[in-house]
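One structure is given below, encoded as structure tokens.
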């Protein structure tokens with residue numbers, strides 16, 4: 001089966017929680033590299049860009065090129081290049097998303113400029129997970145969207161797994177803007193097609209795609225929507241109880257990615 005499958009990994013709750021690596025993650029990636037099994041990381045977390053994530057993984061002993069990492073921020077930039085007209089951008093999100101929007105080259109309106117009235121020229125409001133969210137950011141995002149700016153969301157995750165438990169995710173911020181604008185955003189990340197287009201292109205010609213994730217509503221739904229083998233690990237958000245109560249069913253449930261290595265050794 002080696003050379004016939006390509007594997008997509010979520011990151012938060014699959015490879016690590018916060019800054020703590022998941023047991024067996026490093027060994028699994030080394031196994032895939034040695035077996036020449038193509039893989040890619042696809043995270044809905046846009047707070048870092050691929051290079052920042054590469055450095056984070058490297059600090060955990062996982063050495064992969066930046067090209068093997070796709071973020072919802074990167075997918076958002078690529079989607080905007082193809083589907084939107086250039087115009088000033090307002091970012092509610094972390095440093096990684098801001099970097100991607102700066103690479104877009106359309107002009108970024110900062111919070112200080114928005115206070116001076118520049119919110120009136122904003123044409124695109126881009127929303128992701130923002131660890132430094134303020135009421136002012138929500139205010140100017142709301143004003144711009146109500147003034148006709150497009151509303152683009154990196155991902156729908158309402159929470160994300162960290163060391164202490166589940167933290168509010170981008171979806172929680174998006175919900176606030178939906179309530180204040182009465183608008184629905186274009187959503188880029190899993191389980192939606194723009195994210196699929198990017199990873200399918202980067203993995204190239206493989207016969208079968210596997211998606212390894214920890215969330216039923218994004219990772220596993222993504223796999224099911226695009227005909228992938230859906231592998232869920234229990235180190236992140238969704239639980240066995242969630243699986244039992246959901247209409248979205250993974251093909252395989254494993255305790256962690258370390259167990260996935262043992263599974264692959266048995267079937268390859």
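Just so it is clear, none of the values below were taken in a lab; they were calculated from the coordinates. It should be emphasised that the depicted structure is a prediction, and the values quoted were computed from it without experimental measurement. Here the Cβ is made from the backbone with ideal geometry for all residues, glycine too, and neighbour counts use every protein chain on show.
In the stretch 215-235, which residue that is part of a loop (DSSP other than H, G, I, E, B) and in contact with a helix residue (DSSP H, G or I) (Cβ under 9 Å, 6 or more places away or on another chain) is farthest from residue 256 (Cα to Cα)?
226
Within the stretch 193-214, being under 22 Å from residue 166 (Cβ atoms) and either without any contact (Cβ under 8 Å) to a residue 24 or more places away in the chain or assigned to a helix (DSSP H, G or I) (or both) holds for one residue alone: 195.
If the condition is being without any contact (Cβ under 8 Å) to a residue 40 or more places away in the chain and surrounded by 18 or more Cβ atoms within 10 Å (Cβ to Cβ), then the stretch 119-157 contributes 119, 122, 123, 142, 143, 145, 151, 153. The criterion of at least 3 residues that are over 20 Å from the mean Cα position of the chain (by Cα) and surrounded by 15 or more Cβ atoms within 10 Å (Cβ to Cβ) is met, among helices (runs of 4 or more DSSP H) falling completely within the stretch 1-104, by 25-34. For the stretch 247-266, the criterion of being touching a residue at least 12 places away in the same chain (Cβ under 8 Å), closer than 19 Å to residue 72 by Cβ and buried (at least 19 other Cβ atoms within 10 Å of the Cβ) is met by none of the residues.
Looking across the stretch 223-246, the residues that are exposed (fewer than 14 other Cβ atoms within 10 Å of the Cβ) and touching a residue at least 12 places away in the same chain (Cβ under 8 Å) come down to 227, 240.
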